1. Summarise the long-distance tail of P(r) for region 7-97 by giving the % of C-alpha pairs beyond 17 Å.
2. Starting from the Cα gyration tensor of region 20-63, take the square roots of the eigenvalues, sort them a ≥ b ≥ c, and report rounded, prolate or oblate (rounded when a/c is under 1.5, otherwise prolate if a/b is larger than b/c, else oblate).
3. If you take every residue apart from Glu15 with its C-beta less than 15 Å away from the C-beta of Glu15, what net charge results, scoring Lys and Arg +1 and Asp and Glu -1?
4. Mind listing the phi-derived Karplus ³J(HN,Hα) values for region 31-37, rounded to whole Hz, using 6.51, -1.76 and 1.60 with θ = phi - 60°, and x for any glycine or proline?
5. Kindly state, to the nearest 0.05, the FRET efficiency for Lys30 paired with Lys85, given R0 = 35 Å and r defined as their beta-carbon distance.
Amino acid sequence: MAQSKKFSLSVEQTEDKWTAKIIRKVSNRKTMVSKKKGRFATEAEAQAWGEEMLQEFQKNQAERNDRHAKTRIEREAVAARQAEKAEQKAAEKRALRAEALGDEFDADDVAEDEEFDFSDFDSEE
């Protein structure tokens with residue numbers, strides 16, 4: 001029985017015929033048969049077919065992983081560009097707001113030496 005992390009090969013005898021199964025590990029406890037072929041005259045034929053299919057499964061999985069990695073990298077790059085644009089736009093808005101507030105309220109309007117007189121608010125009637 002050939003082994004890999006995700007797929008394995010199982011060859012079983014049923015009466016006078018042999019059956020090869022490609023078994024996929026779904027989770028730690030659960031497995032399922034991905035592909036199966038029976039009625040082989042000898043165990044060697046079943047084993048050869050199974051190993052060929054197992055290699056094909058692994059090759060297809062590697063190609064699929066590469067495609068998904070490529071799209072993930074592209075998606076992350078687009079998201080990074082969008083985040084950068086959003087941050088730039090937010091910075092521009094903050095600058096405009098600060099400029100607008102700066103025009104309305106000048107620091108020169110308030111003397112630093114002046115202290116506020118609270119005596120006007122003390123009412124002892």
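1. Summing the P(r) of region 7-97 above 17 Å gives 66 percent of all pairs.
2. oblate
3. With Lys, Arg at +1 and Asp, Glu at -1, the net is -1.
4. So the J values, rounded to whole Hz, are 10, 9, 7, 7, 8, 8, 9.
5. Values: r = 44 Å, r/R0 = 1.26.
The pair Lys30/Lys85 has a calculated efficiency of 0.20.
Any read-out appearing in this document is the output of simple, stated calculations on the displayed coordinates, not a laboratory observation. Predicted model only: the values in this text are computed from it and were never measured. In this analysis, Cβ positions are derived from the backbone assuming ideal geometry, glycine residues included, and neighbour counts consider all displayed protein chains.
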